[in-house]
Amino acid sequence: MCTVCGCGGDGARVAEEGHAHTHVHADGTVHSHAHGHGDEHAHAHDAAVADAHEHSHRHTDGVVHSHPHVHQGEHVHPQDHHHEHGIGGDLDFGAGPARAHVPGMSQARMVQIEQDILSKNDAYAAANRKRFDEHGIFALNLVSSPGSGKTTLLVRTIELLKGEFPVCVVEGDQQTSNDAERIRATGVPAIQINTGKGCHLDGHMVGHAVERLNPADDSLFLVENVGNLVCPAAFALGEHHKVAILSVTEGEDKPLKYPDMFRAADVMLLNKCDLLPHLDFDADLAEANARRVNPDLTIFRVSATRGEGMSAWLDWIRSGLEAQRSRRSETVAALKDRIAELERQLGNR
Amino acid sequence: MHEMSLAEGVLQLVEETARREGAGRVLRVVLEIGRLSSVEPEALKFCFDAVTRGSIAGEAAVEFIDVPGSGGCLDCGRTVALEAVYGPCPECGSYRVQASTGTEMRVREIEIE
């Protein structure tokens, strides 16, 4: 049985969203499962006609077969992987009995030696990062405890920036699509990923969300991770920076209690600062604790609800995006120069 | 419970190697877990036993190689032992210590038959 989605053993399971199929292994066993691909494949879609299409692929045991495949967008996957696609809507990676998702887990396991436990996730994250860099996209991964005000902060940030450049959002929660709905209400595209019992987003989940959202060139890509100050620290998604959010209604010693996250982040937003006059919270002590764990941390004090301090944070995003854009145009310019040089050499022959 | 995801990641690497080697079953899995890594060996072992049930590694024993933490202090320049995650330099008290060992999370080797 597939440990991720639990399919197999009881006949074919063709879910309304996602796809499954039956096949025969080299040893004669027949079973059905939602499929993983051993080979890299790319395919284009004509969304105007239909979102479904057919393609064939080869399993590690040599069996080649074709089957219909339903999803939107275009995608290239780095390695073998398990996936469940739907049309539009949100992604639920907690649907199997394990109620958790493992990047790269599939029935058709590739023979490959990697020693680092996180190497599979890191490969997916690197593929996402490559795509972001090639398209001048600035990607941020927002992490915090539940209740720090991440979604409110995102909504406020989007409202202030959406006239300047395209923005899209990935929302991670164990259950519900409430947060994605709050983001969509601002008018920007958002996809909700439900992790089920999973405690973090991983590179593979975000890769699917990127395909689905298909972010524009030179745009801002925001990921709101599952509210959890421990687990998301270890799982790269392909982002340029992790942004940790600490609110003044929490303890000043939180960076010391959960050092991995504040160490993994490059930026910390101290949120809900409008409440400081009513609290005993020592903002300077909180900042000192965060810098003890991570001396290079950039810190902004903000109030997402009142708007105080937001301009410095927005400027930081603008400059990050500008750096990505110029990096991309430099790459394009370098490629054009190279082409011109090759053409000149051909002309001399 | 990110130990569950890590345990499944370990199982995946173990199964791949076992199949490639044509193994009947896996007897022992040796993991290298640094003292400064974000994983608790006991929790990982518990999850590993849960996810390997019924697999080629269902009866495998799990062994951990403990890797002590060490790092270079950016202020005094010494290489020092690190007891706690992001702990201070024992020589000069600075918190600007870059960990160089102890953050490992690796599958070192497996014993198969």
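The values are calculated or read from the model by the stated rules, or taken from the named source; none is laboratory data. A quick note: this is a predicted structure, and the numbers were derived from the prediction, not measured. Virtual Cβ from ideal backbone geometry, glycine too; neighbours counted across all protein chains shown.
All conditions in (1) buried (at least 17 other Cβ atoms within 10 Å of the Cβ); (2) within 24 Å of the chain's Cα centre (by Cα); (3) polar (S, T, N, Q) hold for residue A:326, with the sole exception of (1).
Residue count for region B:48-80 satisfying the condition of being more than 16 Å from residue B:9 (Cβ to Cβ) and assigned to a strand (DSSP E or B): 12. Exactly one residue among B:75, B:49 is more than 20 Å from residue B:110 (Cα to Cα) and of a type outside the set (Gly, Ala, Ser), and that residue is B:75. Somewhere in region A:263-272, is a residue loosely packed, with under 15 Cβ neighbours inside 10 Å, at pLDDT 95 or above and charged (D, E, K, R)? Within region A:263-272 (the criterion being loosely packed, with under 15 Cβ neighbours inside 10 Å, at pLDDT 95 or above and charged (D, E, K, R)), the answer is no, since none of the residues qualifies. For region B:1-49, a residue qualifies if it is farther than 24 Å from residue A:226 by Cα and of a type in the set (Gly, Ala, Ser), and the qualifying residues are B:18, B:22, B:23, B:24, B:34.
Within region B:29-40, the set of residues being surrounded by 15 or more Cβ atoms within 10 Å (Cβ to Cβ) and either charged (D, E, K, R) or farther than 18 Å from residue B:99 by Cβ (or both) comprises B:29, B:30, B:31, B:32, B:35.
Any idea how many residues of region A:152-163 are at pLDDT 95 or above and under 21 Å from residue A:239 (Cα atoms)? Adding up the residues that qualify gives 8. Taken over region B:6-22, the residue count meeting the criterion of being among the charged types (D, E, K, R) and more than 7 Å from chain A (Cβ to nearest Cβ) is 1. Of the residues screened, residue A:289 is not one that is at positive phi and either within 14 Å of another protein chain (Cβ to nearest Cβ) or of a type outside the set (D, E, K, R) (or both).
Provide a single number: the residues in region A:164-206 that are of a type in the set (D, E, K, R), in contact with a helix residue (DSSP H, G or I) (Cβ under 6 Å, 6 or more places away or on another chain) and part of a loop (DSSP other than H, G, I, E, B). Adding up the residues that qualify gives 1.
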